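What follows is a single structure, written as structure tokens, with notes after it.
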Amino acid sequence: MVRKRTTDNAVDVADKPDSDRQFVTALHRGLEILRAFRPSDKAGLGNSELADRTGLPNSTVSRLTFTLLKSGYLVYDDGTGRYRMGVPVLSLGYACLAGMQVRETAQVYMQELADKAGDGVLVALGGRDDMSMTYLAAARSKGVISLQLSVGSRISLARSAIGQAYIAGTDETERSEIIDRIRTRYDADKVNEILDGLDDAREQVLKKGFYTMVGGWQRDVNAVAVPYRSQQPDTPMLAFNLGGYSFALPKERLEDDLGPQLVELVHMVNRVGY
């Protein structure tokens, strides 16, 4: 198995063994090209940047972007020499979101909690995307300063509050697979730090129902998060979080007030059948 790229924001390319005849490597690599784009890439990406993010050879990236361009999944800017995602990609994303009724149900409760919390707080619902968490829904309170994250934003699975809460709620099979990926992705010192954090997250979730992270993902950002497993068998494992800058969300407020409220939000979503 081949693994490349070791930063939180990079795509982790993992080719299946040649013996797995059902696995189409070319399709996998094309999808990795699409996954390399981020909401912040407003100017688009060139082939060299895509190669850097995916770990694929430049020649391979050139062939893939040409194919995706001809299929409409990418558009090309002659002036900048960069690619942007085409409209067909958007239709795929909305098809995915439309199949998750939980996000529509949760959105109302998320906005109520964000408004109640105030001071630029962000409440989000996310799901696992390889070694990242992708936001599926977001609610923001009023405020001059707030986290600039929204639907489609991706943050680290292993190092964020929502990601560690997600891992705390997974079964042993998925947890073991994630830990194996962490061991290949980070150096030894960082692995030990992350694994200690995962143990702490699981202990907190078992004890309190939520996980509190103070200055972990970003030094000046605090958050609480709760894993969510839907009663609907076709809904994947998800997680909720509430976060903001530390001046507005000190640890005591998260522990005594907002963490329990986020747990209650999850209970309300479960009570309506999702």
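With angles folded into 0 to 90 degrees, how steeply does helix 87-98 sit against the dominant principal axis of the chain? Use alpha carbons for both and round to 10.
Around 30 degrees separate the two axes.
With +1 on each Lys and Arg Cβ and -1 on each Asp and Glu Cβ, how big is the dipole of region 73-183 about its Cα centre, in debye rounded to the nearest 20?
260 debye
Report Rg (one decimal) and Dmax (nearest whole number) for region 130-249, counting Cα atoms only, units Å.
Using the Cα atoms of region 130-249, the pair Rg, Dmax is 14.2, 43 Å.
For Thr170, which sequence-distant residues (separation of 5 or more, or a different chain) have an amide H within less than 5 Å of its own amide H, given hydrogens modelled in the peptide plane?
Those lying under 5 Å, H to H, from Thr170: there are none.
For the chain, take the longest principal axis of its alpha carbons; what is the angle in degrees between that and the long axis of helix 188-208, to the nearest 10 within 0 to 90?
Relative to the chain, helix 188-208 is tipped by roughly 40 degrees.
Looking only at Val226, Val108, Val263, which one moves most when the chain is put into a Gaussian network model with springs between Cα atoms under 10 Å?
Val108
Starting from the alpha-carbon convex hull of the chain, give the projected area averaged over all orientations, in nm².
Over all viewing directions, the chain projects a mean Cα-hull area of 15.6 nm².
With r defined as the distance between the Cβ atoms of Phe66 and Leu90 and R0 fixed at 22 Å, what FRET efficiency is calculated, to the nearest 0.05?
0.60
Would you pull out the residues with amide H under 5 Å of Ala137's amide H, same chain only if 5 or more places away, H placed 1.01 Å from N?
Leu125
Any idea what % of Cα-Cα pairs in region 43-168 are farther than 20 Å?
Beyond 20 Å sits 59 percent of the P(r) for region 43-168.
Return the tail of the calculated pair distribution for region 203-249, meaning the percent of Cα-Cα pairs more than 17 Å apart.
When every Cα pair of region 203-249 is considered, 43 percent fall beyond 17 Å.
DSSP loop (so not H, G, I, E, B), at most 12 other Cβ within 10 Å: list which trypsin sites (Lys or Arg not before Pro) in region 132-194 pass both filters.
Of the trypsin sites (Lys or Arg not before Pro), the ones in loops of region 132-194 whose Cβ has at most 12 other Cβ atoms within 10 Å are Lys142.
Where the only charges are on Cβ atoms (+1 Lys, Arg; -1 Asp, Glu), what is the dipole of the chain about its Cα centre, to the nearest 20 debye?
700 debye
Tell me, what % of the accessible area of the chain is carbon and sulfur with a 1.4 angstrom probe?
That share works out to 50 percent.
Relative to the longest principal axis of the chain, what angle (0 to 90°, nearest 10) does the C-alpha long axis of helix 25-35 take?
Result, in degrees: 50.
The values are calculated or read from the model by the stated rules, or taken from the named source; none is laboratory data. Just so it is clear, the model here is predicted, and its values are computed rather than measured. Please note: Cβ atoms are built from the backbone with ideal geometry, for glycine as well, and neighbour counts cover all protein chains shown. Accessible surface areas use protein heavy atoms only, side chains included; no ligands, DNA or RNA. Shrake-Rupley method; radii C 1.70, N 1.55, O 1.52, S 1.80 Å.
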